[in-house]
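Here is the structure we will look at, set down as structure tokens.
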Amino acid sequence: MEELVNSAKASSNTLRVGVSFFDVEIEARILQALQQPHMGHGQRFLIEAPVLLESIRPFLDTLKTVVPSDIPFAKYLVHPESGRLDNVKVEPPLYATTPGYTFTLDCLFTDGRTNLILDPSSERSKTAALDRLKLGSRLDPTQAEATVKALTSGVALIQGPPGTGKSYTGVELLRVLIQNNIGPILLIAFTNHALDHLLQNVLDAGITTRIIRIGSRSSEEKIAALSLEKILSERTRSGMRRAIAREFRTLKEVEESLVELMQKVFSRKIDSSSLQRYLDIQYPNHLEEIMEPPLWIRRLYEDHMEWNTAASGPKNGKIKDQFDYWLAAKDVEFVEAAIRQNTPQHQQSNSTMTISQLTNRFASFGMNENSLEESDADPLQGRIGEAPLHEDPKSAAESPLSFFKRLGLPGLPPIPVGRRGAEELQDDFMVWSMSRTERQALYSAWRDIIKQTDHEIQIQEFKKLREKHENTRKIIEAADNQDKVQVLRQAHIIGCTTNGAAKLTSLLKSVCPKVLLVEEAGQVLEAHILSSLVPSIQHMILIGDPQQLRPTLANYLADLSADHPRGGEVYRFDQSLMERLWKMGFPMSKLDVQRRMRPAVSNLIRQTLYNTLVDHESVQSYPPVRGMAHNVFFLDHRHAEDGGGDESASKTNKYEVAMIKDLVLHFLRQGKYSGDRDIIVLCAYLGQLSLIRKELSKE
């Protein structure tokens with residue numbers, strides 16, 4: 001975005017946009033098109049994806065490399081022919097199938113004296129442990145059932161309706177796993193907020209501080225301090241880090257070479273070395289003439305280069321060598337300047353010139369040192385063979401006539417004015433007698449031939465540099481991952497978003513986590529979880545609610561949704577893994593005791609979704625809402641939305657904004673709801689939220 005803003009500021013007519021490709025072959029094809037922009041390449045199509053590719057690419061890349069036989073829990077995850085999982089027997093986690101393995105559950109009791117052992121292979125032990133947990137642990141009965149079931153099942157689903165303590169149960173499960181030295185534990189969530197919330201709960205519960213958060217988008221200060229990047233930055237610089245630094249230098253050198261190559265591709269000019277090689281083979285006479293110009297031009301060129309070097313900096317613009325000097329027609333420019341300064345003398349000396357003399361390509365001035373030494377020029381005027389080549393250039397600039405006179409020339413050379421084509425010019429090696437137009441025409445012809453010849457060389461060079469860049473990047477990534485693996489293996493909990501897990505699949509494979517716990521699993525796409533299932537996972541726990549919001553599809557095609565009458569039978573892209581398993585009859589524990597809503601609110605969902613939902617005693621004594629006749633109230637109105645338009649996903653409703661503003665002010669006047677977060681306003685649209693904030697800010 002910053003690049004676009006800067007580009008827009010730099011030019012009102014042009015916008016520079018950076019484009020990244022994930023395939024070197026595609027990059028090479030694009031390079032070929034850029035090499036010949038004037039050539040027609042047929043019809044082109046721009047396909048715009050409705051989603052940002054980078055947001056889904058990690059999952060696509062990971063799924064492409066997954067070997068089906070390496071996916072853990074294939075017994076449960078593969079869709080059975082019957083379409084049902086009611087009768088499937090869920091085995092304990094693989095690590096818990098070792099003979100004699102037991103869980104210690106002491107940490108679930110507050111007295112510090114209770115000793116409780118759970119044998120995952122014994123039904124009797126499960127029953128006894130559950131009874132003890134229901135009697136004296138920190139868990140309510142349904143939380144205790146869910147905990148025992150999760151610990152003794154390789155794949156466990158825990159449904160938590162609103163307010164029933166999904167996160168709390170997840171934290172207690174983490175407490176047990178860490179106390180029993182099961183790990184590392186990979187904790188993933190769809191959003192940064194959900195991930196940070198659970199990690200913060202783990203810290204607040206005092207379970208462990210050996211937590212590493214992958215990713216830097218944490219808004220919680222304590223969690224941000226546990227980020228992998230911060231931990232690595234604070235470590236002593238190891239030999240591995242020094243090796244990475246060396247590879248980074250190599251990477252930078254390759255990138256600089258790529259920049260130079262692209263500059264050659266886009267440049268309208270060709271470098272002198274390429275031109276010289278070409279002319280040496282195809283037009284040696286032209287090359288010899290350029291490199292050995294008449295001595296007055298040679299003197300001008302040397303003075304030009306010497307003066308600008310002495311002036312501390314390349315003030316000669318783009319003049320780097322004799323090729324540039326010839327193409328820029330600096331010799332012609334000098335004569336033109338001399339004519340402007342000495343118009344009367346020039347007119348007199350040119351009064352007897354014929355057209356043939358004017359276009360004789362400096363034949364009368366193309367003499368060499370020997371011919372001039374044999375001339376009858378006055379010795380006092382100086383002969384070319386004796387003329388010093390490194391006199392003060394000011395003398396030439398200040399007195400052009402004296403400059404030519406000292407070189408033994410009778411007057412100012414004529415200015416070439418020809419307009420011949422490149423084909424004719426290629427037969428004439430007297431290059432210094434060509435006009436500006438002719439020099440440009442001849443150079444353009446040479447350039448096009450050379451660039452055409454260089455195209456394939458540039459493509460091969462580009463592929464070689466890109467391959468070196470990719471190999472160096474992989475070396476850096478591998479070395480960097482080794483350093484990260486050493487840190488991550490020391491952690492009890494590794495927390496990251498599903499996107500982060502997909503991007504770091506190779507890293508996670510090296511860390512070898514044993515447990516995967518997914519927070520808000522009902523809102524996570526199945527592909528996201530499959531991407532996180534590295535082969536080392538032996539225990540997967542999905543905590544969420546498949547009866548609440550489904551995962552969001554970044555696509556406007558309704559037929560991809562599970563609710564669509566036709567496409568829903570085929571695609572169901574917005575169906576989470578948790579919902580799919582549950583609807584196929586896979587066992588799922590359900591938390592039933594809610595501690596959030598007053599009964600008047602919980603009745604709304606108890607009568608529609610959660611028939612077994614129970615109100616905890618703590619919600620029975622909520623005081624009535626001050627200033628309201630009813631604790632639950634619905635307002636029905638007929639005022640249509642008045643913002644956003646048909647094509648906009650965001651809407652506004654001014655009537656509702658006015659009503660909400662007045663209602664908030666009414667609550668504030670009661671004197672009881674003036675604290676932070678005492679009043680919450682939820683909006684369905686960002687446009688409505690913005691308008692409400694604007695109106696409330698006026699008060």
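The values are calculated or read from the model by the stated rules, or taken from the named source; none is laboratory data. Here the structure is a predicted model, which means the values were calculated and not measured. FYI the Cβ positions are ideal-geometry reconstructions off the backbone, even for glycines, and counts take in every protein chain you see. Keep in mind that these areas ignore ligands, DNA and RNA; they rest on the heavy atoms of the full protein, side chains included. Shrake-Rupley method; radii C 1.70, N 1.55, O 1.52, S 1.80 Å.
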| field | Per-selection Kirkwood Rh - segment 108-162 (Cα, Å, 1 d.p.) | value | 11.8
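Set the bar at 27 Å for Cα to Cα. Now go through LYS222/LYS661; LYS89/LYS514; LYS166/LYS484 and name every pair that lies beyond it. The partial results should precede the final answer.
Working: LYS222/LYS661 36 Å; LYS89/LYS514 21 Å; LYS166/LYS484 31 Å.
The pairs that break the limit, which is 27 Å between Cα atoms, are LYS222/LYS661; LYS166/LYS484.
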| field | Hull volume in cubic angstrom per residue (convex hull over the Cα atoms of segment 1-152) | value | 282
| query | Taking the Cα centre of the chain as the origin, how large is its charge dipole in debye, to the nearest 20, when only Lys and Arg (+1) and Asp and Glu (-1) carry charge on their Cβ atoms? | reply | 2960
| said: What's the whole-number percent of alpha carbon pairs in segment 549-699 lying beyond 27 angstrom? | reply: 50
| said: So the label point goes 7 Å from the Cα of ASP204 along Cα→C-beta, right? Which residues of segment 100-117 then have their backbone N under 15 Å from it? | reply: none
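Please get the size of the charge dipole for segment 593-636, origin at its Cα centre, with Cβ charges of +1 on Lys and Arg and -1 on Asp and Glu, quoted in debye to the nearest 20.
120
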| By average C-beta atoms within 10 angstrom, highest first, the peptides 56-66, 141-151 | 141-151, 56-66
| note | The helix 239-266 Cα axis meets the longest alpha-carbon principal axis of the chain at an angle in degrees, between 0 and 90 and rounded to 10, of 50
| task | Determine, from the Cβ-Cβ distance of ARG246 and GLU81 and an R0 of 56 Å, the FRET efficiency 1/(1 + (r/R0)^6), rounded to the nearest 0.05. | result | 0.50
| said: For a bin width of 5 Å, list the pair-distance distribution of segment 71-173 built from all Cα-Cα distances, rounded to whole %. | reply: 2, 11, 20, 21, 19, 14, 7, 3, 1, 0
| note | Taking Cα atoms, the helix 654-669 axis meets the longest principal axis of the chain at an angle in degrees (rounded to 10) of 60
| note | In Å³ per residue, the alpha-carbon convex hull of the chain encloses 288
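Across segment 513-574, how large is the tail of the calculated P(r) beyond 16 Å, expressed as a percent of all Cα pairs? Write down the numbers at each step before the final one.
Values: 993 of 1891 pairs.
Everything past 16 Å amounts to 53 percent.
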| field | Crossing angle, helix 436-488 versus the chain [Cα axis fit, 0-90 degrees, rounded to tens] | value | 30
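Stokes-Einstein diffusion coefficient for segment 580-625 at 37 °C in a medium of 0.692 mPa s, Rh from the Kirkwood formula over Cα pairs: what value in µm²/s? Write down the numbers at each step before the final one.
Details: Rh = 12.1 Å.
Reported coefficient: 272 µm²/s.
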| message | At R0 = 22 Å, how high is the FRET efficiency between VAL19 and ASN471 if r is their beta carbon distance? Nearest 0.05 is fine. | response | 0.45
| remark: Of the residues LEU199, TYR610, VAL518, the Cα lying farthest along the dipole of the chain towards its positive end, which is defined by charges on the beta carbon of Lys, Arg, Asp and Glu, belongs to TYR610
| task | Quickly work out the VAL485-to-GLU306 label distance, labels modelled 7 Å from Cα along the C-beta direction, and quote it in nm with one decimal. | result | 6.5
| Can you list residues whose amide H is under 5 Å from LYS590's amide H, if they're 5+ apart or on another chain and H is modeled 1.01 Å from N? | GLN159
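So, R0 is 35 Å and r is the distance between the beta-carbons of GLU27 and ASN181; what FRET efficiency does that work out to, to 0.05? If you can, show how the numbers build up before the last one.
On the way: r = 48 Å, r/R0 = 1.38.
So the FRET efficiency works out to roughly 0.15.
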| Inter-label distance, nm, simple model (7 Å from Cα along the C-beta direction), LYS698/LEU401 | 8.4
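Scaled to the compact-protein estimate 2.2 N^0.38 Å, what is the alpha-carbon radius of gyration of segment 232-299, rounded to two decimal places? Can you show the working numbers first?
Values: Rg = 22.7 Å, N = 68, 2.2 N^0.38 = 10.9 Å.
Segment 232-299 yields a ratio of 2.08.
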| query | Using a basic spin-label model with each label point 7 Å from the Cα along Cα→Cβ, how many nm lie between ARG638 and GLU123? | reply | 6.4
| message | Just the number please: accessible area per residue for the chain, 1.4 Å probe, all protein chains included, in Å². | response | 57
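Carbon and sulfur: what percent of the chain's accessible surface (1.4 Å probe)?
52
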| field | Fraction of beta bridges assigned by DSSP in the chain that are antiparallel (%, nearest 5) | value | 15
| said: Averaged across orientations, what area in nm² does the convex hull of the alpha carbons in segment 446-527 project? | reply: 8.8
